[in-house]
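Below is one structure; the comments refer to it alone.
The values are calculated or read from the model by the stated rules, or taken from the named source; none is laboratory data. From a predicted model like this one, the values you see are computed outputs, not experimental measurements. Note that each Cβ is placed from the backbone with ideal geometry, even for glycine, and that neighbours are counted across all protein chains shown. Heads up: the accessible areas ignore ligands, DNA and RNA and are worked out on the full protein's heavy atoms, side chains in. Shrake-Rupley method; radii C 1.70, N 1.55, O 1.52, S 1.80 Å.
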Amino acid sequence: AVTFEPGAQGAIVGTRFRGGEIALAGGRARVDTAPRAFARWRVTAGPYAVSVAGTRFELAWQERTRRFELVLERGAAQVTG
């Protein structure tokens, strides 16, 4: 499940059999992915990419200030960028 907070700009870029990609252009989003074998999701925010599987987190990106924020609630995430 993906929830974009009011004022956030984002989209589901693509889906695959076991995951997909979400782009957050600005604002805040809540993402909750189910723990499934071989499932992989990728969320991009500015120059950063977050790879997750079976994870619940909140992600924020502000282009003007170049501020990136990740709040991990469950699971693990790999951040690159």
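Of all residues in segment 59-73, those that are polar (S, T, N, Q) have Cβ atoms under 9 Å from Cβ atoms of residues that are exposed (fewer than 14 other Cβ atoms within 10 Å of the Cβ), 6 or more apart or on another chain, in GLN62/GLU69.
Residues of segment 47-63 that are at pLDDT below 95 and outside any strand (DSSP E or B): ALA53, GLY54, THR55, GLU63.
Filtered by the rule that a residue be farther than 16 Å from ALA23 by Cα and not in a loop (DSSP other than H, G, I, E, B), segment 64-76 gives VAL71, LEU72, GLU73, ARG74.
Within segment 1-29, residues that are under 22 Å from GLU63 (Cβ atoms) have Cβ atoms under 6 Å from residues that are open to solvent by less than 70 Å² (accessible area, probe 1.4 Å) and not in a strand (DSSP E or B) in these pairs: GLY27/ALA8; ARG28/ALA8; ALA29/ALA8, counting only partners at least 6 apart in sequence or on another chain.
Could you grab me the full set of residues in segment 1-43 that are assigned to a loop (DSSP other than H, G, I, E, B), open to solvent by less than 50 Å² (accessible area, probe 1.4 Å) and modelled with pLDDT under 95? Passing the criteria: THR33, ALA34, ALA39.
Reported count of residues in segment 35-52, each being closer than 13 Å to LEU72 by Cβ and among the hydrophobic types (A, V, I, L, M, F, W, C), is 3.
In the set (1) open to solvent by 50 Å² or more (accessible area, probe 1.4 Å); (2) at pLDDT below 95; (3) under 12 Å from the mean Cα position of the chain (by Cα), PHE68 fails one condition alone, (2).
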